[in-house]
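Structure record follows, encoded as structure tokens.
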Amino acid sequence: MLQIKDLHANIDGTEILKGLSLHIKPGEIHAIMGPNGSGKSTLASVLAGNEDYEITGGSVAFGDKDLLELSTEDRAREGLFLAFQYPVEIPGVSNINFLRTAVNEIREYKGEEPMSAGDFLKLVKERSALVELDGKLANRSVNEGFSGGEKKRNEVFQMAMLEPKLAILDETDSGLDIDALKIVAQGVNAMRSPERSFVVITHYQRLLDYIVPDFVHVLYKGKIVKSGSKELALELEARGYDWIKEEVSA
Amino acid sequence: MITTETVNVQDEKKSAFLGSLSSAFQGVESYTALRKSAWDTLSKFAIPGTKTEAWKYTRVGKVINQARKKSGGNTQINLPEIAIGGLRYVFVDGVFRADLSDELTWQGLNIRRTGESAENNLLGTLSNHNADWFEAVNAAFFNDGLVIDVDKHTHIDCPIHLVFFASEENTAAFSRNVISLQESSSLQVFTHYIGSQHSTFSSVVTEAFVAKNASLKIDKIQEGNEAAFHHVEWTKQERDSRFDITTVTLKSSWVRNDLNIRVAGENCHSSLTGAYLPSGKEHVDNHTMVDHMVPNCESDEKYKGIVRENATAVFNGKVFVRPDAQKTNAFQQNANIVLDDTATMFSKPELEIYADDVKCSHGSTTGQFDEEAVFYLRARGIGEVMARKLLVEAFLADVITTLSDERLQSYCTEKIQQLMHS
Ligand SMILES: Nc1ncnc2c1ncn2[C@@H]1O[C@H](COP(=O)(O)OP(=O)(O)OP(=O)(O)O)[C@@H](O)[C@H]1O
Ligand SMILES: [Mg+2]
């Protein structure tokens, strides 16, 4: 599904990703953890096609496509989804209108007919219920005036609408209380399937109680420095990152 | 020495410009007192330049450095694709075209031509021909226009569509309108200014009188192309009245709008909304003035622009709150997106508040496209062109939705999208 090999990326001349490799197979859930500033969001942005970053080495294959050759929109149309750590507010663009445009542009890319208004609204109703997102929010401007938790749920709602092959969730749990966290996890779990993979970026083990990962990786200084099973997350929770930093510098 | 030379050059330009107009517009006579004071202004003052505060950012060379003829007004023209029903009146290069216009008289509505009779109309009683040079040019040379009177307690439920075409190369056209709403009446006017690929100068001054409890809405759309437009609206509101005006400037090479509102009665509402999108070498200048003379009134102003390439836009919004005008509620906002380093925006809110118990706020912002928002939309599978389209639409939405008619709204939205992608 996704094969990242020795990826290097700069921003404003500073190297942030320094030879990162990761292999994700269909249906798998990978958690990525790591101290602040280690490059987790950078990885997510680079995969989504943010042009502020310069790729200086390595490769990324997405299915049979060279991901780095695709525009941001084509990556999304090929089935890559990023739930942003900080979703942007877009005053004046209605959530619904925006999603409908997105759904139909993706369908057009795949050579499919646009979705009928009726089917679309039915899907909105069904998928917003997954994350218990108030129907009223769907009609508001994208993220405008949404609370932190609503923004995160809106990201998961969009994910559920667009049905990607690979979803990257960047700290979708940050700032959520336990009830909201359960709702978000429930939305993600409802979308799990043998063909759909997830990358869950988080600082906290508690999310991983609800979204159980197949693999846990530690990203530090722009590289995956340790990988393990879900137990690794428990160990990180108990011991912090110092022991890993020591291992790396040793 | 230098000063004298500058003055001489100025004088020469002025006499060449006025001279060409005087010979072109010979025989313009009625309204003698008005013309006389206009000529006094023209001789007393120099052509507005960088030292004239109100014209500081607007170069007038494009208008005055060209001898102008008067047109016969016979050009074959295509009526605008937008029709909103109601009554339509058409002027071509300042000349009334009865063949393209509806009948003048309707029930509850008295429409006559400015050029035909100077009697019983308020023309020249509000305008600023005594101090503003270009208003004086208009007052000296105008030869036609419409006087629209709405009777007391009459609600005209079909809009009036005034179309002013500017078509013939190197011509000038000067028109004056008077719109007068009697007590408790209402009217919606769509003023549509259309230019061509030829260089023209057209100046239209409209004076509007909104009596007690009356309501006037003006939708103003400017599509000048190569034309230079000088458009002035003067409005006086009596108590309990409402005046709303929306100005949308589509592709136009040179535009100067002066919108002035005197709020002379209590409990009035005035709203001024505008959008402009100059590109290439275009220049759009919106000067507005709201004069709160009495207490308990509300004004709401919102102008938004997208300025790109080598274009320049000017926004100057004056709000006066006179000492008596307690409990005034005045809101002003000017928001701009400047897309290129070569594009320029001058934004100047001017609030002069002499009363103490008032609520006034103003804000002026000039920024770029929100690239983060573009990325967000693209990351959801929306193509870049469509993403920018959605954002332009979103930015201008609260202006466009103030146009009274849905057909007008979609007409403008479509034109704006075409402009943004040309
Ligand atoms: N424009 C920039 N120029 C230089 N360095 C930058 C720039 N933008 C981000 N960085 C740096 O890149 C590094 C990685 O940031 P990133 O947001 O990917 O971290 P993260 O692992 O997601 O952290 P967090 O857990 O806090 O979300 C940080 O050290 C950050 O300061
Ligand atoms: Mg981050």
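Modelled label-to-label distance, B:SER422 and B:SER410, 7 Å Cα→beta-carbon offset: nm?
2.1
Rounded, prolate or oblate: which fits chain B when a ≥ b ≥ c are the square roots of the eigenvalues of the alpha-carbon gyration tensor, with rounded for a/c under 1.5 and prolate only if a/b beats b/c? Intermediate results must be reported in sequence, preceding the final value.
Values: a/c = 1.26, a/b = 1.13, b/c = 1.12.
Rounded.
Over the whole of A:89-97, what's the average partner chain Cβ count within 10 Å per residue? Rounded to a whole number, please.
Working: counts 4, 10, 7, 9, 10, 3, 0, 0, 3.
Going residue by residue through A:89-97 and averaging, the value is 5.
Which value, in Å² rounded to 10, gives the accessible area of B:ASP258 with a 1.4 Å probe and all protein chains present?
20
Add +1 for every Lys or Arg and -1 for every Asp or Glu among the other residues with Cβ under 11 Å from the Cβ of B:ASN110, and state the total. Don't jump to the answer; show the numbers that get you there.
Values: positive: B:ARG112; negative: B:ASP149, B:ASP151.
Spelling it out: positives minus negatives among the neighbours equals -1.
About the Cα centre of the protein assembly as shown, how large is the charge dipole given +1 on each Lys and Arg Cβ and -1 on each Asp and Glu Cβ? Please answer in debye to the nearest 20.
The calculated dipole for the protein assembly as shown is roughly 500 debye.
Between B:ASN65 and A:ASP177, what is the label-point separation in nm under the 7 Å Cα-to-beta-carbon projection?
According to this spin-label approximation, the distance is 6.8 nm.
Determine the dipole magnitude for the stretch B:1-149: charges of +1 sit on the beta-carbon of Lys and Arg, -1 on that of Asp and Glu, nothing else is charged, the reference point is the Cα centre, and the result goes in debye to the nearest 20. Kindly include the intermediate steps, with their values, before the conclusion.
Numbers: 16 positive and 17 negative charges, 103 e Å.
Rounded to the nearest 20 debye, it is 500 debye.
Between A:ASN97 and B:ASN8, what FRET efficiency follows from the Cβ-Cβ distance if R0 is 56 Å, with the result rounded to 0.05?
Values: r = 60 Å, r/R0 = 1.08.
Given R0 = 56 Å and the Cβ-Cβ separation, E is 0.40.
Which of the pairs A:LYS151/A:LYS221; B:LYS14/B:LYS62; B:LYS302/B:LYS348; B:LYS51/B:LYS359; A:LYS182/A:LYS230 have their Cα atoms more than 22 Å apart in this structure?
Beyond 22 Å: A:LYS151/A:LYS221; B:LYS51/B:LYS359.
Please give the solvent-accessible surface of B:CYS412 in Å², to the nearest 10, using a probe radius of 1.4 Å with every protein chain present.
Here the accessible area works out near 0 Å².
Mind ranking B:ARG256, B:ARG242, A:ARG153 by accessible surface for me, highest first, 1.4 Å probe? Don't jump to the answer; show the numbers that get you there.
Details: B:ARG256 0, B:ARG242 100, A:ARG153 45 Å².
Reading off the accessible areas and sorting them downward yields B:ARG242, A:ARG153, B:ARG256.
In Å², and per residue, what accessible area does the stretch A:123-250 have when probed at 1.4 Å with the other protein chains present?
Values: 5640 Å² over 128 residues.
Accessible area per residue: 44 Å².
Under 37 °C and 0.692 mPa s, how fast does the stretch B:251-301 diffuse according to Stokes-Einstein, given a Kirkwood radius computed over C-alpha pairs? Answer in µm²/s, whole number. All intermediate terms of the calculation are to be shown ahead of the outcome.
Values: Rh = 12.6 Å.
Taking Rh from Cα pairs, D becomes 261 µm²/s.
Along the stretch B:46-55, what does the Karplus equation 6.51 cos²θ - 1.76 cosθ + 1.60 (θ = phi - 60°) give for ³J(HN,Hα), rounded to whole Hz, x for Gly and Pro?
Karplus-based 3J(HN,Hα) across the stretch B:46-55 equals 7, 4, x, x, 4, 8, 8, 3, 6, 10 Hz.
Using only the alpha-carbon atoms of the stretch B:370-422 as identical scatterers, what base-10 log of I(q)/I(0) does the Debye formula give at q = 0.23 Å⁻¹?
-0.85
Would you calculate, for chain B, the mean residue ellipticity at 222 nm contributed by helices, counting each DSSP H stretch of 4 or more residues as -39,500 (n - 2.57) and dividing by all residues, to the nearest 500?
Rounded to the nearest 500, the figure is -6500 deg cm²/dmol.
Considering the dipole of the protein assembly as shown built from charges on the beta carbon (Lys and Arg +1, Asp and Glu -1) around the Cα centre, which of A:GLY27, B:SER279, B:ILE400 is farthest to its positive end?
B:SER279
Would you kindly find the accessible area of A:LYS65, with a 1.4 Å probe and non-protein molecules such as ligands, DNA and RNA excluded, rounding to the nearest 10 Å²?
Roll a 1.4 Å probe over it and A:LYS65 shows about 80 Å².
Per residue of chain A, what 222 nm ellipticity follows from adding -39500 (n - 2.57) for every DSSP H run with n ≥ 4, rounded to the nearest 500? All intermediate terms of the calculation are to be shown ahead of the outcome.
Values: 10 runs with 100 residues, N = 250.
Calculated at 222 nm, the ellipticity per residue is -11500 deg cm²/dmol.
Taking the dipole about the Cα centre of the protein assembly as shown, with the C-beta of Lys and Arg at +1 and of Asp and Glu at -1, give me whichever of B:TYR193, B:SER252, B:PHE25 is farthest to the positive side.
Going by the Cα projections, it comes out as B:PHE25.
Give me the Kirkwood hydrodynamic radius of the stretch B:299-392 in Å, from all C-alpha pairs, to one decimal place? Walk me through the numbers before you get to the answer.
Values: mean 1/r = 0.0649 Å⁻¹.
About 15.4 Å for the stretch B:299-392.
Name the aspartates and glutamates eligible as straight-distance cross-link partners of A:LYS125: C-alpha to C-alpha under 17 Å, and not fewer than 8 places from it in the same chain.
Qualifying aspartates and glutamates at Cα under 17 Å: A:ASP134, A:GLU150, A:GLU155, A:GLU163.
Can you give me the % of accessible surface on the stretch A:102-153 that is carbon or sulfur? Probe 1.4 Å, all protein chains present, nothing else counted. If you can, show how the numbers build up before the last one.
Working: 1430 of 2900 Å².
Within the stretch A:102-153, the accessible surface is 49 percent carbon and sulfur.
What is the extension gain from A:ASP66 to A:ARG239, computed as 0.36 nm multiplied by their sequence separation minus the C-alpha to C-alpha distance, in nm to one decimal?
Details: separation 173, 0.36 × 173 = 62.28 nm, distance 3.83 nm.
Extra length available between A:ASP66 and A:ARG239 comes to 58.5 nm.
Dipole of the stretch B:121-276 (Lys/Arg Cβ +1, Asp/Glu Cβ -1, origin at the Cα centre): which of B:ALA172, B:CYS268, B:ILE221 lies farthest to the positive side?
Farthest towards the positive end: B:CYS268.
Computed on protein heavy atoms with a 1.4 Å probe, what is the summed buried accessible area for the chain pair B and A, in Å² to the nearest 100? Spell out each step's value before the answer.
Numbers: alone 17770 and 11880 Å², together 27740 Å².
Accessible area lost upon association: around 1900 Å².
Work out how much length B:TRP39 to B:GLU226 would gain on full extension: take 0.36 nm times their residue separation and subtract the Cα-Cα distance, in nm to one decimal. Numbers along the way, then the final one.
Numbers: separation 187, 0.36 × 187 = 67.32 nm, distance 2.84 nm.
In short, 64.5 nm is gained.
What do you get for Rg/Rh over chain A if you use C-alpha atoms and the Kirkwood form of Rh? Provide the component values of the computation, followed by the final result.
Values: Rg = 18.0 Å, Rh = 18.7 Å.
For chain A, the value is 0.96.
Could you give the length gained by full extension between B:LEU122 and B:LYS359, i.e. 0.36 nm per residue of separation minus their alpha carbon distance, to one decimal place? Don't skip to the end; give the middle numbers.
On the way: separation 237, 0.36 × 237 = 85.32 nm, distance 3.31 nm.
82.0 nm is the gain from fully extending B:LEU122 to B:LYS359.
May I ask you to evaluate 6.51 cos²θ - 1.76 cosθ + 1.60, the Karplus curve with θ = phi - 60°, for each residue of the stretch B:328-344 and list the ³J(HN,Hα) values in order in whole Hz, giving x for glycine and proline?
Running phi through 6.51 cos²θ - 1.76 cosθ + 1.60 with θ = phi - 60° gives 6, 10, 10, 10, 9, 9, 10, 10, 10, 10, 10, 8, 10, 4, 7, 8, 10 Hz.
Contact order normalised by length for chain A, with contacts defined as Cα pairs under 8 Å and 6 or more residues apart; what percent is it? Before the final figure, lay out each step's value.
Values: 444 pairs, mean separation 69.6, N = 250.
Relative contact order of chain A: 28 percent.
Treat each spin label as a single point 7 Å out from the Cα along the C-beta direction, and report the A:ASN139 to B:ALA83 distance in nm.
Going from the A:ASN139 label point to the B:ALA83 one covers 3.5 nm.
Grab the other residues whose beta carbon is less than 13 angstrom from that of B:GLN409, score K and R as +1, D and E as -1, and report the net.
Summing Lys/Arg as +1 and Asp/Glu as -1 gives -4.
With charges only on Cβ, +1 for K and R and -1 for D and E, what is the dipole size of the stretch B:370-422 about its Cα centre, in debye, rounded to 20?
200
In 5 Å bins starting at zero, report the fraction of Cα pairs in the stretch B:122-161 per bin as a rounded %.
6, 16, 20, 18, 14, 13, 11, 3
Find the Rg to Rh ratio for the protein assembly as shown, where Rh is the Kirkwood radius over alpha-carbon pairs and Rg uses the same atoms. Mind showing how you got there, number by number?
Working: Rg = 31.3 Å, Rh = 28.6 Å.
Rg/Rh: 1.09.
Could you please state how large a percent of the accessible area of the stretch B:370-422 is carbon and sulfur, counting protein chains only and using a 1.4 Å probe? Working shown, then result.
Details: 1120 of 2190 Å².
So the carbon and sulfur contribution to the accessible surface is 51 percent.
Taking every DSSP beta bridge that has both residues in chain A, what percent is antiparallel when rounded to the nearest 5? If you can, show how the numbers build up before the last one.
Details: 26 of 43 bridges.
Antiparallel: roughly 60 percent of the beta bridges in chain A.
Remind me, relative contact order of chain B in percent, using alpha carbon pairs under 8 angstrom and six or more residues apart? Spell out each step's value before the answer.
Numbers: 1078 pairs, mean separation 40.9, N = 422.
About 10 percent, as a whole number.
The values are calculated or read from the model by the stated rules, or taken from the named source; none is laboratory data. Since the model is a prediction, treat every value here as computed from it, not as a measurement. Ideal geometry is used to build each Cβ from the backbone, glycine not excepted, and the neighbour counts take in all protein chains shown. Ligands, DNA and RNA are stripped out before the accessible areas are found, and what is left, the full protein with its side chains, is counted by its heavy atoms. Shrake-Rupley method; radii C 1.70, N 1.55, O 1.52, S 1.80 Å.
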